[in-house]
Each structure stands twice: as C-alpha cells, then as structure tokens.
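Step one of this worksheet: look at the structure below.
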Amino acid sequence: MEELRSAKWIFAASSAALVGCSSGSVAMDGGSTASEAGQADASVDASPVVADAAGSRALSGLVSTGEVVFADKEPFPCNSPDAATHLCGVFRATVKPATDPQGGPSVVSSIGELKVLIVVRAKDELTLGTSRWVMLDAGGFGGSYGAQFGGVPPGHYVSGGKYGDDFVRMLNDDGYVTADVIYHCPTTGTSAPCAGQPYAGWADNATGTQANKAQAAWYKNTQGTGYLGIAARSAALLNWGYENAGKRPLCAHAQSSGSGRVAGAMTRYGREAIVSGIIFSGGPVFAYVPWMCQTDGGPWGTRPEFYSQSQDGELAALTHDCARSKQSNCEVRDCRDKKYSSGMLNDSFAQGADLQWPNVNVGIVYGGADDSAAWQHLKVWLPGYGGQPGIVGKTLVVKQGFCPNDQTTWAPGDPFGKRSCADWSSANFSGIQNGTAADTYEPRLGQVPHEVPETAEGAAVLRELTKTVCPM
C-alpha cells in the first residue's frame, strides 16, 4: 500500500500543482526551478495580516512574526494530487522561543533557534482569509500529521492507507485552514517523506538511534531547559498562527508528545488567550517531571502506583538534560541520576500551572489499543491530582475506547496488567457530569492504537469532535 501511495503523488500533474500557489514555475520531476519559492530573503514581510475586501488571501500573503521567521518569500508548492482543488504550501521557518511570562526568561533565552517546516492547507484563498485555523502538532519526533500519520510527503493527500493526510483533508473540506508543523522530516530510510523534495534537509533529518543521541527534532538545541523550553517553541508557533489567522481564536490538535508541548504552551505561556478549542489525542503528557525522572520528592512526594516507570525516564533524560548540553550554569537539572531537584519542579507543567481555561473547549481522545504511558499523565493533568482542580475548560469532552462501564477492566500494558475501568469514570475529569466510564466511551475507538490520527476510525472521531470543540 505504501508503494502505491508514493507512486500516486510522484505522477501528479505539475500544472495542477500551481493552482492556488503563487510560487513561480515547477519542474516536471516535482522539484523546483530557480524562479519559484525557496529563494532566501531576509526582508520577508512581518506586517499584520491584511486580506482584500472580499476576504481572500494568497499563501504568499502569510507573514513572519518576531518568533517565527520565514526563510523564503513564497512557499514551496506541495505538488499534491489534489492541488487543482485545494490550496497548499510548504514554508521553511526558523522558530525562536516565546518569553516565559512566569519570570524565567534567563532559562528560555538560552534555547537555540530551530528550523521547522509549516504546511498550510485550505480549500481556497477565500477560506484561507476568512475561516478558522487549526494548528497541528504531531507526536513522536514531530513528523507532522500528514507525513508521520499519513505516510505521504508534506502537504500531500492520498486517500486511504494511513489516515493522517485524510484527516487533514477532512478538516480542509469542512472549511478549516490547517497549519501542520514539521520538526522531523527524514530523506533516507524506509519512511522518508522529504526525500527528493526541494526543502529536504531543512527540518531535522536524523533517524533511529542517531536521532536520540543527537537530541533530534523538537527537543534539539533546548540547552537543558527541558519541557519549559520545548513549550516555548510551541507557544511561538501558536502566536504565529494567531497573527496569520487575522487574530481570530485558534483551534489546535496535538497528538502524544505534541499534546505535552501544546499543553505547556497553554498552561505556562498563557496561550489559552488565543486558543478557543483544543483536542489532545494520546495525551496530554509531560505532566510532572520528578516522576518522569523516576524520582520521589517535591510537593507531590512518592510516585503513585499508576505512574509509568518505563519510557518516561528515557525521554526526560533527553529533554531535561544539562550534562548533554554542556552548560556550566544550567538552571534545569539533568534527571538521569534519578535524584529530585528543584529544577525538575520548575520544569513541570501540572504543578502550579494555570489550568483554568474559561474560554477554551477541550477534547481528549484515547484509542482502546493504546499501550503507551500517556494515560498516567492524563490522570495527573485532569482529575485534580495533588489538590489541583485539573484542566477546567469552557467544556470538556473525553472519548476513550477502553471501557464501556466501570465494572470491566482494561489493559494499559506493562508493568500494570489489568486495571479497573474506574480510571475512565467521568467523575475523574473536571467538567464532565454523572461519573461512569459509559459517559466517556466511544466504541469506534476500541481497536485504535496510540497514534489516533493514523486510523480511519480515529480520524472520523477526531473530525466529529473538531466540529463540536472548534465550531465554525
């Protein structure tokens, strides 16, 4: 199936690829000619968004901000098979961290700039200028909803197979503008979405073990600032989306690691002021760093039995690691020694975070075949663990495929075996009434894995929930 999907986009007509993309000419092999997008220019317009009288707006009219700066005057064309009917462009951008409003600028200012790709898709120029924007932040290394969860080059759409690109196309067809952020886009290996693309090599290209050793993708060059620094980049990208959406409130989708980055942007950087609807799938994660570092101590004390001891420590060591960054005066301490430090607490989101989002509709989606560590984080974010009220939005909808009622059990994987479905009782989630697992159960999610957007069923549930959480 993957071979067939690749073959389809290779033979897309180059003339169709130009529709809606003011990007010059396109080479017949899908590459770029010298006259099209991709010519670096430091004078990219950073003025406020202005649409014409009818509300239409070209992709070339999107602008840089102080934190997200385009490398090119024009986006690269996506060359997708649906280019004749949908607007799409790939922007090369450099992200600087947003300032920490809670008094930590000396931490955040040490973060290095990061190169990302941003794929903007819409039905047409009128939609681009007038409709709701949805920011997309994928899990894993951050390979994007289309490429990582769809298995296609950035911005492409091919029906079927893995459904990440189908989901993005669904949102476009429903009238939404999507901005899909790409931190990681390999050009070699079995899955190489940026191979042969004119922007190849811009986003992180490391793969496998080397990617971990090199602090790849979204946690690259964080200089020991951990999740606090990582979320600063997500906060900057949300600011960029807000400016280009004409300062209309954003919607956001965030899967797995993306859910942690965006949740941090909301709780620590105040982005609930510009986001009116957010859907976390397979998360939110990165709740409380001491426990992620497999330590006890701090205001929440000993790790509870439900908290993961498996993969969290490895990920935390990559992101919350002064020794690796070789800083002499690092303010966020390395967690690989598994000893509690105040820096760990400073880097936590759930502890002391702003969890009151009175103007934000919140959705949570978990697949019933999810055997990741994400559910332990959710119990810390939402039920009000440690005396906190949990995330309290304008509305809260939880959809899970594990438990049809409180009397059954579910299996989250090692080392926990079977657990009571009381974990998924709506009484655990601030803002949901009644109090049974039946209030959150969605049978279509029963066989959906951790990567919710990859499946047809997961994409369908996310699409329906978007219309509720982020109405037009």
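A compact table of results
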read-out	value
Selection within region 111-136 - hydroxyl-bearing (Ser, Thr, Tyr) and surrounded by fewer than 20 Cβ atoms within 10 Å (Cβ to Cβ)	130
Check on residue 208, at pLDDT below 90 and either of a type outside the set (D, E, K, R) or under 18 Å from the mean Cα position of the chain (by Cα) (or both)	yes
Filtered residues of region 156-201 (kept if in contact with a helix residue (DSSP H, G or I) (Cβ under 6 Å, 6 or more places away or on another chain), among the charged types (D, E, K, R) and part of a helix (DSSP H, G or I))	165, 166
Selection within region 174-205 - on the phi > 0 side of the Ramachandran plot and modelled with pLDDT of 95 or more	175
Test result for residue 387, within 29 Å of residue 351 (Cβ to Cβ) and free of Cβ contacts under 8 Å to residues at least 40 places away in the same chain	yes
Pairs, first closer than 17 Å to residue 152 by Cβ and in a loop (DSSP other than H, G, I, E, B) in region 78-95, second of a type in the set (D, E, K, R) and modelled with pLDDT of 95 or more, C-beta under 8 Å, six or more apart	78/121; 82/169; 85/123; 86/121; 86/123; 86/124; 86/169
Exclusive hit being surrounded by 22 or more Cβ atoms within 10 Å (Cβ to Cβ), touching an Asp or Glu at 6+ places or on another chain (Cβ under 8 Å) and either in a helix (DSSP H, G or I) or of a type outside the set (Asp, Glu) (or both), set 267, 222	267
Hits in region 140-160 (condition: touching an Asp or Glu at 6+ places or on another chain (Cβ under 7 Å), small (Gly, Ala, Ser) and within 25 Å of residue 366 (Cβ to Cβ))	144, 146, 150, 151
Exclusive hit being free of Cβ contacts under 8 Å to residues at least 60 places away in the same chain and either crowded, with 23+ Cβ neighbours inside 10 Å or part of a loop (DSSP other than H, G, I, E, B) (or both), set 404, 449, 453, 415	404
Residue among 332, 362, 285 that alone is part of a loop (DSSP other than H, G, I, E, B) and either touching a strand residue (DSSP E or B) at 6+ places or on another chain (Cβ under 8 Å) or modelled with pLDDT of 90 or more (or both)	285
Checklist (1) buried (at least 20 other Cβ atoms within 10 Å of the Cβ); (2) not in a helix (DSSP H, G or I) applied to residue 233, failing item	(2)
Scan of region 63-73 for residues that are closer than 17 Å to residue 121 by Cα and buried (at least 22 other Cβ atoms within 10 Å of the Cβ), ordered by number	70
Only listed residue being on the phi < 0 side of the Ramachandran plot and in a helix (DSSP H, G or I), chosen from 396, 462	462
Condition met for residue 400 (modelled with pLDDT of 85 or more, over 25 Å from residue 463 (Cα atoms) and not charged (D, E, K, R))	no
Qualifying positions in region 418-446 - surrounded by 23 or more Cβ atoms within 10 Å (Cβ to Cβ), farther than 30 Å from residue 172 by Cβ and not aromatic (Phe, Trp, Tyr)	437
Output for region 145-155, where each listed residue is closer than 23 Å to residue 280 by Cα and in a loop (DSSP other than H, G, I, E, B)	149, 150, 151, 152, 154, 155
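The values are calculated or read from the model by the stated rules, or taken from the named source; none is laboratory data. Just so it is clear, the model here is predicted, and its values are computed rather than measured. Because the Cβ atoms are built from the backbone with ideal geometry, glycine has one as well, and the counts that use them run over all protein chains shown.
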